[in-house]
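> Below is a structure I'd like to ask you about.
The values are calculated or read from the model by the stated rules, or taken from the named source; none is laboratory data. Quick caveat, the model's predicted, so the values are computed rather than measured. Note: ideal-geometry Cβ built from the backbone for every residue, glycine included; neighbour counts use all protein chains shown. Side chains included, ligands, DNA and RNA excluded: accessible areas come from the protein's heavy atoms. Shrake-Rupley method; radii C 1.70, N 1.55, O 1.52, S 1.80 Å.
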Amino acid sequence: MVIQAPPNSGPAYHNYKGTVSIVLLAVVDARYLFRVVDVSKTLVAGTLKLPGDRLLPGAENLGAQPHVFVADETFPLQRHLMRPFPGSNLPHTKRLFNYRLSCARMAVECTFGILAAQWRMYQCVICLTRRNVAACVKGSRKTMIFIKRHGLFAAPPAAPLLFC
């Protein structure tokens, strides 16, 4: 989210695109709804309360598997984080895994796109503090859930990942 640079922030908020921004992490479901916003500290520290390991339908032979989040290369490899394999010269199985993981990550990108399309404030520079930007996103999240539950907005249907 592009923001106005906080006073005396130096290069702390500058990104590779040459803008000043903050990063908000979010948990998104397959119906394009935010479930949790700004989970960075609890996710990386491992203090986020997750359900216990469960058997996967059709893959009982693998044993109980942990609940996981889909992440990108910036995150450390952890028990509850799935991230792509690094490198470009990968065997077919690892390239296929990376492709399928990127398909799953697209749900998050689409949800942020829907958020920006519904509220114009996310399409320009936001002149608020980091805390207030997080509050705006959390308020927008609640509004999106309300609108979706009452049938006032039709999000794209959750596409099965059969093509991956």
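> Could you check Phe163 against (1) at pLDDT below 80; (2) loosely packed, with under 14 Cβ neighbours inside 10 Å; (3) closer than 21 Å to Phe34 by Cα and say which number it fails?
Answer for Phe163: the failing condition is (3).
> Ok, one more. Quick check on this structure: which one of Thr129, Thr93 is over 15 Å from the mean Cα position of the chain (by Cα), β-branched (Val, Ile, Thr) and over 30 Å from Ala12 (Cβ atoms)? Spell out the reasoning first.
Working: Thr129 fails: over 30 Å from Ala12 (Cβ atoms).
Being over 15 Å from the mean Cα position of the chain (by Cα), β-branched (Val, Ile, Thr) and over 30 Å from Ala12 (Cβ atoms) holds for just one of Thr129, Thr93, which is Thr93.
> Which of the residues that make up region 6-24 are part of a loop (DSSP other than H, G, I, E, B), over 13 Å from Val133 (Cβ atoms) and open to solvent by less than 60 Å² (accessible area, probe 1.4 Å)? Show your work before the answer.
From region 6-24, those part of a loop (DSSP other than H, G, I, E, B) are 6-9, 15-19, 22-24; that's our starting set.
Filter again for over 13 Å from Val133 (Cβ atoms), leaving 7-9, 15-19.
Hits for region 6-24 are Ser9, Asn15, Thr19.
> Identify all residues within region 84-95 that are open to solvent by 60 Å² or more (accessible area, probe 1.4 Å) and not hydroxyl-bearing (Ser, Thr, Tyr); write none if there are none.
Correct list: Phe85, Pro86, Gly87, Asn89, Pro91, His92, Lys94, Arg95.
> Under 9 Å by Cβ, and 6 or more places apart or on different chains, what pairs join a residue from region 62-78 that is within 14 Å of Leu25 (Cβ to Cβ) with one that is acidic (Asp, Glu)?
Hits for this filter: zero, empty list.
> Go through region 116-139 and count every residue that is in a helix (DSSP H, G or I) and without any contact (Cβ under 8 Å) to a residue 40 or more places away in the chain.
Residues that pass the stated criteria total 11.
> Identify all residues within region 122-135 that are more than 17 Å from Val28 (Cα to Cα) and open to solvent by less than 40 Å² (accessible area, probe 1.4 Å); write none if there are none.
Those that are more than 17 Å from Val28 (Cα to Cα) and open to solvent by less than 40 Å² (accessible area, probe 1.4 Å): Tyr122, Ile126, Val133.
> Search region 47-66 for residues being assigned to a loop (DSSP other than H, G, I, E, B) and surrounded by 11 or more Cβ atoms within 10 Å (Cβ to Cβ), and hand back the single one that is modelled with the lowest pLDDT. Working first, answer last.
Our first condition is that a residue be assigned to a loop (DSSP other than H, G, I, E, B); within region 47-66, this holds for 47-53, 55-59, 63-64, 66.
Now drop any that are not surrounded by 11 or more Cβ atoms within 10 Å (Cβ to Cβ), which leaves 48, 50, 53, 55-56, 66.
Numbers: Leu48: 74, Leu50: 80, Asp53: 91, Leu55: 92, Leu56: 88, Pro66: 89.
Here the residue is Leu48.
> Take the residues in region 99-114 that are touching a residue at least 40 places away in the same chain (Cβ under 8 Å), out of contact with any Leu (no Cβ under 8 Å at 6 or more places or on another chain) and surrounded by 15 or more Cβ atoms within 10 Å (Cβ to Cβ), then tell me which one is nearest to Tyr13 (Cα to Cα).
Checking each candidate, the answer is Phe112.
> Before we move on, is Phe75 at negative phi, in contact with a Leu (Cβ under 8 Å, 6 or more places away or on another chain) and either open to solvent by 70 Å² or more (accessible area, probe 1.4 Å) or not in a helix (DSSP H, G or I) (or both)?
Answer is yes for this residue.
> Scan region 79-98 for residues that are aliphatic (A, V, I, L, M) and without any contact (Cβ under 8 Å) to a residue 24 or more places away in the chain and jot them down.
Met82, Leu90, Leu96
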